[in-house]
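Asker: Sharing a structure here in structure tokens format.
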Amino acid sequence: MPTYDLPAFIETVRREKPKEIVQIRREVSPQHETLAILTKFEQSYRSPLLFFERIRGCEYPLANNVCGSTARLALGLGCSVGELSECYARRCACPCKPVLQRDGATQEVVATGATADLTQLPQLIYHEGDAPQPYLTAAIIVARDPQSGKLNLSYHRLMVTGRNTTSIFMARGKHLDGIWRKYEKAAKPMPIAAFIGVHPTCALGAVYTGPAEVEEYDIIGGLQERPLPVVACVTDASLHVPADAEFVLEGYVSPAERTAEGPFGEFTGYATGVSSAPVFHIRAVTHKKKPIFQDIASGHLEHQILPVLAMEQHLSLMATAAVPGCLKIKVNVPLTVVAVVDKSNESQPRQLMDVLIDSDVYVKQVIVVDPDVDPSDLRQVCAAIVLHAQPHRDIVVYEQRQGTELDPSAGPNGVTSKIGIDATKKTSASRRVVKNAVPRSVLDRINIAEFLNSSSH
Ligand SMILES: Cc1cc2nc3c(=O)[nH]c(=O)nc-3n(C[C@H](O)[C@H](O)[C@H](O)COP(=O)(O)O)c2cc1C
């Protein structure tokens, strides 16, 4: 049975994809320097997993960009890059309940009360202009819905405000925000745990975007094709965390307290300003004997790649239920969804837009294209828009919708207008709309290797 924890995955990358990992031995500052190193790699079109052996002021090694390439996501799932979407969707459709264990490596070291000290973790500062307080960006929060009893998982940025306090950013309209509002209304603290340092299957399960009744631990079990071992938190047995997480912070979000949070450079590539956020009080920090701290560089490739499979899977289910001819959903650019449809009537592109536009707060723009457009190729998508859409007829503006407060152009609370573009060819068009193509039979008999080796041919 394979081990599904962060160190095991790092070893797999070292063994099977050595070009996908870079070991950094010298001491590195947590203030901007880890991000600067990753930025330099990205600028040279590389996105390796970075393993920092020594972070100034901290005794733990740090891994970042763990899920920063589709090749590594595929390695985590044990499939090829080409099979990723299909594999993710197929395994999500076979959820598997976690198994509650007595002990787990994540509780080898337990610090409670005054010894639970966040300043022992890397004090990471990312962008110029970010708040001076360090952030934890790879924390997966587990909380229990007080009404349904279901456990929810999602990533939430935590700004360290003291030895045992952080702020927590909960985006409007998402599940944790809904759970939090119930506790807040009842004026009760919301018990939560934040776990940091996991295998990519765990990360991909945490970003699962389905109905609230589906528990992400079951999805992780589906992705790993076995029950995920979990343990009860030491300060609150009703919360469960993966037995092999590197670190866990246990505590509660207080109902009345707020703190100033931000600015913070987000996945859009822009910073959010300062806002008022709830406060997470940490009652215990548990970890492995030799833990690896995990970091996700906000606004960089990993942050953008990680949620995409889950979003595409969720939106595909909604889209095909409404329009069976919808063949593919692609999310390449923040807040933008491209839907490929083999339409059987002229109303289907609009139907798709109407369904997708309010499907998620992170959808602001829906573009519908024909099957001869590759939705991953933005050049082809832009060409389809300009060549097949008549703006007065094929562009729909949806006003006053719930978007995300991370969109720099959105109004208060993330309220925004949204846009749908029907970039499919119109059968009513009087002029020729046949795409240029060389006959398939001729294309198939050409082998360019034949022309490359000899200029005499
Ligand atoms: C690296 C990373 C950081 C994230 N940070 C936040 C955050 O700070 N707040 C938030 O509400 N969502 C954040 N998200 C998005 C949620 O994890 C995501 O929307 C999740 O699917 C929501 O889960 P739900 O479907 O249970 O609501 C982040 C996602 C990633 C991948």
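The values are calculated or read from the model by the stated rules, or taken from the named source; none is laboratory data. Note that the coordinates shown come from a computational prediction; the quantities given were computed from them, not determined experimentally. We place every Cβ from the backbone using ideal geometry, glycine too, and count neighbours over all the protein chains shown.
Asker: Here are some residues: 261, 302. Which one is closer than 30 Å to residue 340 by Cα, modelled with pLDDT of 95 or more and buried (at least 21 other Cβ atoms within 10 Å of the Cβ)?
Answerer: Exactly one of 261, 302 is closer than 30 Å to residue 340 by Cα, modelled with pLDDT of 95 or more and buried (at least 21 other Cβ atoms within 10 Å of the Cβ), namely 302.
Asker: Still on this structure, please answer the following. Looking at 36, 63, which is the one that is buried (at least 20 other Cβ atoms within 10 Å of the Cβ) and modelled with pLDDT of 95 or more?
Answerer: The match here is 63.
Asker: Check residue 105 against each of (1) away from the ligand (no atom under 15 Å from the Cβ); (2) surrounded by fewer than 18 Cβ atoms within 10 Å (Cβ to Cβ) and name the one condition it does not meet.
Answerer: (2)
Asker: Which condition number does residue 383 fail, the rest of (1) closer than 25 Å to residue 70 by Cβ; (2) in contact (Cβ under 8 Å) with a residue 12 or more places away in the chain being met?
Answerer: Answer for residue 383: the failing condition is (2).
Asker: Could you list, in sequence order, the residues of the range 15-49 that are closer than 19 Å to residue 246 by Cα and charged (D, E, K, R)?
Answerer: none
Asker: Out of everything in the range 320-340 that is surrounded by fewer than 21 Cβ atoms within 10 Å (Cβ to Cβ), part of a strand (DSSP E or B) and of a type outside the set (Val, Ile, Thr), what residue ends up being nearest to the ligand (Cβ to nearest atom)?
Answerer: Step by step, filter the range 320-340, then rank; the result is 328.
Asker: Hey, another quick one. Among the charged types (D, E, K, R) and not in a helix (DSSP H, G or I): is that true of residue 182 in this structure?
Answerer: Spelling it out, it is not the case that residue 182 is among the charged types (D, E, K, R) and not in a helix (DSSP H, G or I).
Asker: Filter the range 287-313 down to the residues that are more than 8 Å from the ligand (Cβ to nearest atom), more than 11 Å from residue 331 (Cα to Cα) and either within 11 Å of the chain's Cα centre (by Cα) or not basic (Lys, Arg) (or both) and list them by number.
Answerer: Of everything in the range 287-313, those that are more than 8 Å from the ligand (Cβ to nearest atom), more than 11 Å from residue 331 (Cα to Cα) and either within 11 Å of the chain's Cα centre (by Cα) or not basic (Lys, Arg) (or both) turn out to be 287, 291, 292, 293, 294, 295, 297, 299, 300, 301.
Asker: I'd like to know if the range 322-332 contains one or more residues that are under 23 Å from the mean Cα position of the chain (by Cα) and over 26 Å from residue 433 (Cβ atoms).
Answerer: yes
Asker: Consider only pairs whose beta carbons are under 6 Å apart and that are at least six residues apart or on different chains; among these, list those whose first residue lies in the range 205-219 and is touching a residue at least 24 places away in the same chain (Cβ under 8 Å) and among the aromatic types (Phe, Trp, Tyr) and whose second residue is part of a helix (DSSP H, G or I) and within 9 Å of the ligand (Cβ to nearest atom).
Answerer: Note: pairs meeting the criteria are 208/216; 208/310.
Yes/no per residue for (1) closer than 19 Å to residue 136 by Cβ; (2) in contact with a Leu (Cβ under 7 Å, 6 or more places away or on another chain):
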| position | (1), (2) |
| --- | --- |
| 22 | no, yes |
| 25 | no, no |
| 32 | yes, no |
| 48 | no, no |
| 59 | yes, no |
| 81 | no, no |
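Asker: For residues that are assigned to a loop (DSSP other than H, G, I, E, B), away from the ligand (no atom under 13 Å from the Cβ) and touching a residue at least 12 places away in the same chain (Cβ under 8 Å), tally how many sit in the range 125-154.
Answerer: Counting residues in the range 125-154 that are assigned to a loop (DSSP other than H, G, I, E, B), away from the ligand (no atom under 13 Å from the Cβ) and touching a residue at least 12 places away in the same chain (Cβ under 8 Å) gives 9.
Asker: With the requirement that a residue be closer than 20 Å to residue 306 by Cα and more than 10 Å from the ligand (Cβ to nearest atom), what does the range 155-199 give you?
Answerer: Within the range 155-199, 194, 195, 196, 197, 198, 199 qualify.
Asker: Residue 202 passes all but one of (1) under 14 Å from the mean Cα position of the chain (by Cα); (2) of a type outside the set (Ser, Thr, Tyr); (3) within 10 Å of the ligand (Cβ to nearest atom); which number fails?
Answerer: (3)
Asker: Could you check the range 234-319 for strands (runs of 3 or more DSSP E) lying wholly inside it with 3 or more residues that are farther than 29 Å from residue 46 by Cα, touching a residue at least 40 places away in the same chain (Cβ under 8 Å) and of a type outside the set (Ser, Thr, Tyr)?
Answerer: 240-242, 247-261, 275-287
Asker: Of 244, 218, which residue is of a type in the set (Asp, Glu) and more than 16 Å from the ligand (Cβ to nearest atom)?
Answerer: 244
Asker: Let me ask something additional. Looking only at the range 410-428, which residues are free of Cβ contacts under 8 Å to residues at least 12 places away in the same chain and surrounded by 10 or more Cβ atoms within 10 Å (Cβ to Cβ)?
Answerer: Residues satisfying the conditions are 410, 411.
Asker: Which of the residues belonging to the range 223-245 are touching a Lys or Arg at 6+ places or on another chain (Cβ under 6 Å) and buried (at least 24 other Cβ atoms within 10 Å of the Cβ)?
Answerer: The answer is 223, and nothing else.
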